[in-house]
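The next block holds one structure in the form of structure tokens; read it before the comments.
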Amino acid sequence: MRILLTNDDGIHARGLEALRLALEDIAEVIVAAPDRERSATGHGITVDYPIRVSKYQFPNSSTQGWIIDGTPADCVKLAICALLTHPPDLVVSGINRGGNLGTDVLYSGTVSAAIEGIIHGIPSIAVSLNSFDFQADYSYAASVACKLCLEIEKVGLTTDTMLNVNVPAVTEAEIKGIQITKLGIRRYEDVFQERQDPRGRTYFWLAGDIVDDDQDQDADVMVIRKNIVSITPIHFDLTNFKLIQELKDKLNHVLW
């Protein structure tokens, strides 16, 4: 099995390092990751300036690495279309520092990298640890990712849907299981902090406190609270199929 590994925290991130080391035990790993943190870039791609690429040698490893000065989606697109001689069997994105839950997946570079994989017809997963602690332990999340990769190799995975995996930031002994979930709704209070620089000019800093309203208990934002690993199938078709016929009926008089 050949795995293309990427992330949005940058090629030197601890989460990527933990996942790379774990995946090397089960597969041939190729890394194509951003040169620096690219969190919350969504599915942006670079179209207005050249993308620079340099090879990177991981210490004590034969894994091929590329450092790319682009977005996570750039990394996957460039690797598949230009850097690799043939496509990988699987795209794995992560391990992200911090959860990618609910509607936050729309902003996530980690999730978008995996979505870029399925756009190219390659089974893909995104893995996140629900902690922003720089000293967080990624070992259990890495083992979950490896087990999932082996299972996908065995049973297959549809290439129009990626799996978004969120792992609670607790010890393995505290994990209460694994559950297939759906996306919840994630809102924030006090999203922007207004500040002043030393010259007295006003600027804003994006922050905010998470508000997870009461919602379906099968939603990822609820399941993660119970120390359960959340796996959510996500695809890129944003069509609201339920509304198609209703819109046809209501707008029939203006449709040609």
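No lab work stands behind these numbers, since they all come straight from the coordinates. Since the model is a prediction, treat every value here as computed from it, not as a measurement. All Cβ positions, glycine included, derive from the backbone under ideal geometry; neighbour counts span all protein chains shown.
Tell me, what is the Rg over Rh of the stretch 176-249, with Rh the Kirkwood radius over Cα pairs? Don't skip to the answer; put the middle values down first.
Details: Rg = 19.1 Å, Rh = 15.9 Å.
Computed over Cα atoms, the ratio is 1.20.
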Once the dipole of the stretch 98-256 is set up from charges on Cβ (+1 Lys and Arg, -1 Asp and Glu), the residue from the list N227, A141, I175 lying farthest towards its positive end is A141
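Quick one: dipole size for the stretch 1-102, taken about the Cα centre, charges +1 on Lys/Arg Cβ and -1 on Asp/Glu Cβ, in debye to the nearest 20.
Numbers: 9 positive and 12 negative charges, 15 e Å.
With only Lys, Arg, Asp and Glu charged at Cβ, the dipole is about 80 debye.
Give me the extension gain from Y188 to L150: residue separation times 0.36 nm, minus the current Cα-Cα distance, reported in nm with one decimal. Walk me through the numbers on the way to the answer.
Values: separation 38, 0.36 × 38 = 13.68 nm, distance 3.64 nm.
Contour length minus the Cα-Cα distance gives 10.0 nm.
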Taking square-rooted eigenvalues a ≥ b ≥ c of the alpha carbon gyration tensor, is the chain rounded, prolate or oblate, where a/c under 1.5 means rounded and, failing that, a/b exceeding b/c means prolate?
-> rounded
Of the residues D35, D137, D25, which exhibits the maximal mean-square fluctuation in a Gaussian network model of the chain defined by a 10 Å Cα contact cut-off?
-> D25
Would you mind putting 171-183, 44-56 in packing order, based on average other-beta-carbon counts within 10 Å, highest first?
-> 171-183, 44-56
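Considering Cα pairs under 8 angstrom that are at least six residues apart, work out the relative contact order of the chain and quote it in whole percent.
17
Quote to one decimal, in nm, the extra length available between F58 and H86 on full extension: 0.36 nm per residue of separation minus the C-alpha distance between them.
Numbers: separation 28, 0.36 × 28 = 10.08 nm, distance 2.17 nm.
Length difference between fully extended and current span is 7.9 nm.
Please sort by residue number the chymotrypsin sites (Phe, Trp or Tyr not before Pro) in the stretch 86-149 whose DSSP state is loop and whose Cβ has at most 13 other Cβ atoms within 10 Å.
Details: sites: Y107, F132, F134, Y138, Y140; in loops: Y107, F132, F134, Y138.
Here the chymotrypsin sites (Phe, Trp or Tyr not before Pro) that fit, given the DSSP loop and packing criteria, are F132, F134.
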Going by a ≥ b ≥ c, the root eigenvalues of the Cα gyration tensor, does the stretch 146-202 fall in the rounded group (a/c under 1.5), the prolate group (a/b larger than b/c) or the oblate group?
-> prolate
Specify the residue with the greatest mean-square fluctuation among T110, T159, T239, computed from a Gaussian network of the chain linking alpha-carbon atoms under 10 Å apart.
-> T239
Among all the lysines, which ones have a C-alpha under 20 Å from K182's C-alpha, if same-chain residues fewer than 8 places away are not counted?
-> K226, K242
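At 27 angstrom or more along the helix axis (alpha-carbon based) and mean Kyte-Doolittle of 0.0 or higher, what helices does the chain contain? Whole DSSP H runs only.
Numbers: long enough: none.
Span-like helices in the chain: none at all.
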Paramagnetic label zone (point 7 Å from Cα along Cα-to-C-beta, T159; backbone N under 15 Å) in the stretch 124-144 = 124-125
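Once every DSSP H run of n ≥ 4 in the chain is given -39500 (n - 2.57) and the sum is divided by its residues, what mean residue ellipticity at 222 nm do you get, rounded to the nearest 500 deg cm²/dmol? Before the final figure, lay out each step's value.
Working: 6 runs with 59 residues, N = 256.
Calculated from helices alone, the mean residue ellipticity at 222 nm is -6500 deg cm²/dmol.
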Non-local residues with an amide H under 5 Å from the amide H of G98, with H modelled 1.01 Å from N and Pro and chain starts lacking one, are L129, S131
